[in-house]
Structure formats: C-alpha cells, structure tokens
Amino acid sequence: MDVKLNFRSSILDLSPYAVSGYDAGVKLNQNENPFDLPSDLKREIISEFYSMNWNRYPEVFSKKLSEKLSAIHGVYPESIIAANGSNELIYTVGISIIESGVEVLIPQPTFYFFEKIASILNGKIIKVFAKPDLEFDEDSILSEAKKINRGLVIIGSPNNPTGKSFSNNFVRTLLESTRAIVLLDEAYVEFSRNPSSIRLVNEYRNLIVLRTFSKAFSLAGLRIGYLAAHPDTAAEIMKVKIPFTVNRLSEFTALKLLEHKKLVDDRIEFLKTQRDWMTAELKKIKDVAVIPSDANFFLFATSREPKKMFNDLLERKSVLVRDVSNYPMLERFLRVNA
C-alpha cells in the first residue's frame, strides 16, 4: 500500500521546513533579537506564572491580550486575533480565503511560507518580481492586483529577506486598487523607517496586518503573534481559528513585556544603530555588495560563491549567517541579522 495516496496531491512534492543546526559562537541566521529578557523580569514572570492553575485551559481566544493590543494600536478589540506565532495566522488566513483557483499575488523574493500555504491550498499563484536593485516593483504589483476579482495579495513590509518596505501611501493605494484581501506582514516593522499601517484596518475591510513578538520583543521561543483586521473581516477569520493556541505563559509574558516599553524601545534603537553600522562597515570592503535594509537584517554578496563564503564564516570565524542563494534573484547573497 502506498500511504501517500491518502494525502493531498498538493503536498507530495513539498519538503518540511528546516533550518540546519550548526554550533556557532555567533548566531546571526534567523533574524532573532540577540537580547533575552532581563533575568529579574524573567524571575518575576516565572514566579507569578507558578501560582497560576496549569490544569485549566487558557482563554479560548486570549481576550486580555487582544484588549491590551487594541488600546496600543488604536483599533477595535474585535480587530485583534492572537495566536501561537504569526505563522499559525498565515495558515489561518490562507484557509479562510484560498481554495482551488483563487488568485494569490506574492511579490518575489519573499518569505517562502507564503507561497507554501498558497500551493497547499491549490491557489493560483501570481508572482511579481522585484527590480534589479531588489526594490519593489510597485507599479507592477498595483497592475496585477487590479486584475484580481477574488483572492489574496501577500506583502511583507519590511520584506524578508530583502529588507525593503512599503510606504503607508502605497498600502492605501493598493487597498483602494484591488478587490482582493491584502495580507500585510509587519513582523519587522519596529525596525523600519516607515510607520506601521495597522490603523488602516479601521478604514479598510480588505486589510489584514500580521505582527509578532518574536523579533523586537525577544519572544521567539514562546511563540506568540497576532493579526489586526476590521472587525467584520476578523469575524470571518475567527470561524476557522484554532482555539486555545495561546498558552498562559506566552500570553502572560507578552502582557508583562508590553508594560516595559522603554526596555523594548531602547533595544530596537540599538539594533537599528548596529544594522546601519554593520552596513556601512561592509560597504568599505572591496568586492562586497550590501543591500540597504529597513529591518533588523540585511543582504550582502561577495565575489565568492555564497555557499563557500557561508562555510568559511562558520568554520573559520564561528559566525553563522543565512545562505539565501536558493531564493529567486538572490543567487549571490547571504543574509545576516544585527
């Protein structure tokens, strides 16, 4: 018996997500925040968490966190949906919208997960490639988005792995130009020179904004993210949202960290400074090309073959970066985070 005959045909040629495990003195390959939470804050969180009932389910849909985030962002409480990381929400939004033949516009190159979920759900993927300097081809994106009668436009701002951002004006123009839902991934927006577009969900029912606590808030290990959408749009997404995915520790830690704005903001400013310093220093080196970035990471290329450069950095310097040469248009590039 061939057990594969029982599985969706759309997954048979896919591979599981994998990040190669390497021992390295300096780990700069996953766009993580290098700063853990301060020890005293961690002890405070664990002490309070210890007194909670672990045998009871958490809230079905994390009402406390939704209310806190809605107040911070100036949106309706019903607009916020928290989850076990924003990757869960990419799946949730995909399941809500994509089915066989539904058009999904994905500018390239970008986070591979977008295309993966669209493929699993048999969406019709439309790719718009960046310009040679890796800036977004905004005119082509708008042109293709206008043609979509029903579907999804997925954009990252700042975009992983290029670090490029859209302005609020462009996002607004896109929303007014298409009948499709626009899924805007703002995982790295805290590091951007452009402001968040999250408040636009109050005006536009076709906007969904993804946010995460993994990057700026140093909580990659606790897996917590959220989306914001107009209440009417959020209500549709909630119909397929898995319940109980935000555990008590993740929710409590996120709420605690939101009370320490200065700690988070100071670290963001430091990382932005480091990103700009690293970019400037690399530009001084002969035969090194650096792509300016709006995130906590950037792309660079050398005259050497990327895989060779990757191995040399790891073996000789114990520095782990990300080889992104398998992405479209990035055949020469590596990615490093600040």
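Picking from residues in the stretch 256-278 that are touching a residue at least 40 places away in the same chain (Cβ under 8 Å) and not aliphatic (A, V, I, L, M), the one that is farthest from E190 (Cα to Cα) is K256.
For the stretch 75-117, which positions are without any contact (Cβ under 8 Å) to a residue 40 or more places away in the chain and on the phi > 0 side of the Ramachandran plot? G101, the sole residue that qualifies. Taking the condition among the basic types (K, R) and closer than 16 Å to N29 by Cα, does R304 pass? So R304 fails the test. Could you give me the residue pairs with C-beta distances under 6 Å whose first residue belongs to the stretch 224-240 and is surrounded by 15 or more Cβ atoms within 10 Å (Cβ to Cβ), whose second residue is assigned to a loop (DSSP other than H, G, I, E, B) and among the hydroxyl-bearing types (S, T, Y) wherever it lies, and which are 6+ apart or on separate chains? Hits for this filter: P231/Y76.
Restricting I106, I125, I154, I181 to residues that are farther than 23 Å from V201 by Cα and either buried (at least 17 other Cβ atoms within 10 Å of the Cβ) or of a type in the set (A, V, I, L, M) (or both) narrows the list to I125.
Residues that are among the aliphatic types (A, V, I, L, M) and in a loop (DSSP other than H, G, I, E, B) within the stretch 109-143 comprise L121, A130, L134, listed in sequence order. Residues that are of a type in the set (S, T, Y) and within 28 Å of K272 (Cα to Cα) do occur in the stretch 38-50, at least one of them.
Out of the helices (runs of 4 or more DSSP H) lying entirely within the stretch 1-100, which hold 2 or more residues that are in contact with a Pro (Cβ under 7 Å, 6 or more places away or on another chain) and either under 25 Å from N326 (Cβ atoms) or assigned by TED's automatic domain parsing to the domain that holds A235 (or both)? Lay out the reasoning, then the answer.
Values: elements: 39-50, 63-73, 86-97.
Those helices (runs of 4 or more DSSP H) span 63-73.
Residues being among the hydroxyl-bearing types (S, T, Y), touching a Phe, Trp or Tyr at 6+ places or on another chain (Cβ under 7 Å) and in the same structural domain as I95 (by TED's automatic domain parsing) are represented in the stretch 140-159 by at least one member. Would you be able to say whether some residue in the stretch 325-338 is among the aliphatic types (A, V, I, L, M), under 20 Å from F35 (Cβ atoms) and within 24 Å of the chain's Cα centre (by Cα)? Scanning the stretch 325-338 turns up at least one residue that is among the aliphatic types (A, V, I, L, M), under 20 Å from F35 (Cβ atoms) and within 24 Å of the chain's Cα centre (by Cα).
The values are calculated or read from the model by the stated rules, or taken from the named source; none is laboratory data. Remember, it's a predicted structure, so these values are computed and weren't measured experimentally. All Cβ positions, glycine included, derive from the backbone under ideal geometry; neighbour counts span all protein chains shown.
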